[in-house]
1. For segment 125-145, enumerate the residues that are under 11 Å from N42 (Cα atoms) and within 9 Å of the ligand (Cβ to nearest atom).
2. Considering each residue of segment 146-158, count those that are surrounded by 19 or more Cβ atoms within 10 Å (Cβ to Cβ) and within 9 Å of the ligand (Cβ to nearest atom), and give that number.
3. Within segment 159-173, which residues are more than 11 Å from the ligand (Cβ to nearest atom), surrounded by fewer than 16 Cβ atoms within 10 Å (Cβ to Cβ) and assigned to a loop (DSSP other than H, G, I, E, B)?
4. Looking for something acidic (D, E) and over 17 Å from the mean Cα position of the chain (by Cα) - is there at least one such residue anywhere in segment 249-262?
5. Can you name the residue in segment 174-208 that is within 14 Å of the ligand (Cβ to nearest atom) and among the β-branched types (V, I, T) and is also surrounded by the most Cβ atoms within 10 Å (Cβ to Cβ) among such residues?
6. Scan segment 11-40 and report the pairs whose first residue is exposed (fewer than 12 other Cβ atoms within 10 Å of the Cβ) and whose second residue is modelled with pLDDT of 95 or more, with Cβ atoms within less than 9 Å and a gap of 6+ or a chain change.
7. What's the total number of residues in segment 240-253 that are part of a helix (DSSP H, G or I) and in contact (Cβ under 8 Å) with a residue 12 or more places away in the chain?
8. Could you grab me the full set of residues in segment 218-239 that are away from the ligand (no atom under 12 Å from the Cβ), assigned to a helix (DSSP H, G or I) and crowded, with 23+ Cβ neighbours inside 10 Å?
Amino acid sequence: MGILHSFPDWIIQVWLEQLGLADTEKLCEWMNQSPTIDLRINPLRTSIEEVETALQSAGVLVRRIPYLPQALRLIGSAGSIQKLPGFREGWWTVQDSSAQLVGHLLDPQPGEVVIDACAAPGGKTTHIAELMGDKGKIWACDRTSSRLRKLQENSQRLNLQSIQIYTGDSRHFNQFQNTADRVLLDAPCSGLGTMHRHADARWRQTPESVRELSVLQQELLTHTSTFVKAGGVLVYATCTLHPAENEQVISAFLAKSPDWQIESPSGVELPDSACNTPQGWFKVWPHRQDMDGFFMVRLRKTNNSE
Ligand SMILES: C[S@@+](CC[C@H](N)C(=O)[O-])C[C@H]1O[C@@H](n2cnc3c(N)ncnc32)[C@H](O)[C@@H]1O
């Protein structure tokens, strides 16, 4: 039981209800390990083979990651990330594997209009641009301008042209109604799936802050869903493992939105045990997949909706 005490009781309770004791202990052990560093290769600038060779020549060990043909995991200490070969050239971005899965679930196509409603600092926006071959239009919205500056820097470093930035609250944008082929809502959340990356994160949130986040998430989902054209797609994602911010947000939305349904992805590979929810949403438990905790679901607006 010792390892459980390194997390607040209410968080342990949330996990015990979903996992049982033995699995919760494994999750806590995983969350107490040092975080791994994954790279997402920018295929518009280089190839995974070229990055592997450059890193190995600099003495950095890497391995490939199942399910993700453009991803590498750094093995052991790599020193300063920004000094590694290929960083300044825009060959790659640091992004955990589970966050990379979100872009694949969205599955954006060249020439489409995509709205990234909570975009900064742009890990997923830049992935979307790469997946679209930098062809099409991506509206990157966020209410935090300091984080949007980071997004601007990242897209310049990666030499991406298709991203247009909007500062503001995505619950109040009115100019995007029925304009997007796809919307990504990577919602603000309690971050219970990434606590190993932020030393203070496990103490920062409370049950009350989770309740407030859940309300914000539902408001964001309700409004940003209106951005999607009939027949289009919305992916909702968080890096938390709290049902009140995930399953319950989606269930509440679907209950009042008859023109929306969950869609199982085709042509997208996700780790098996993360795919296996009967409801169709994906939950990445870190200790099972060896990647950050994530929740993601693809929703489709039916063709006959306005
Ligand atoms: C999980 S982070 C997004 C991470 C980003 N998608 C990425 O992959 O780099 C959530 C973001 O939501 C933004 N945010 C929170 N509330 C918002 C709102 N009402 N409207 C727009 N952005 C919001 C925060 O500023 C934060 O940047």
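The values are calculated or read from the model by the stated rules, or taken from the named source; none is laboratory data. Predicted model, so just to flag it, every value in this text is computed and none were measured. As a convention, Cβ positions derive from the backbone with ideal geometry for all residues, glycine included, and neighbour counts pool all protein chains shown.
1. Result: T126, H127.
2. Selection size over segment 146-158: 3.
3. Scanning segment 159-173 gives N159, Q161.
4. yes
5. For segment 174-208, the residue satisfying everything is V183.
6. E17/P243
7. 9
8. Within segment 218-239, just F227 meets the criteria.
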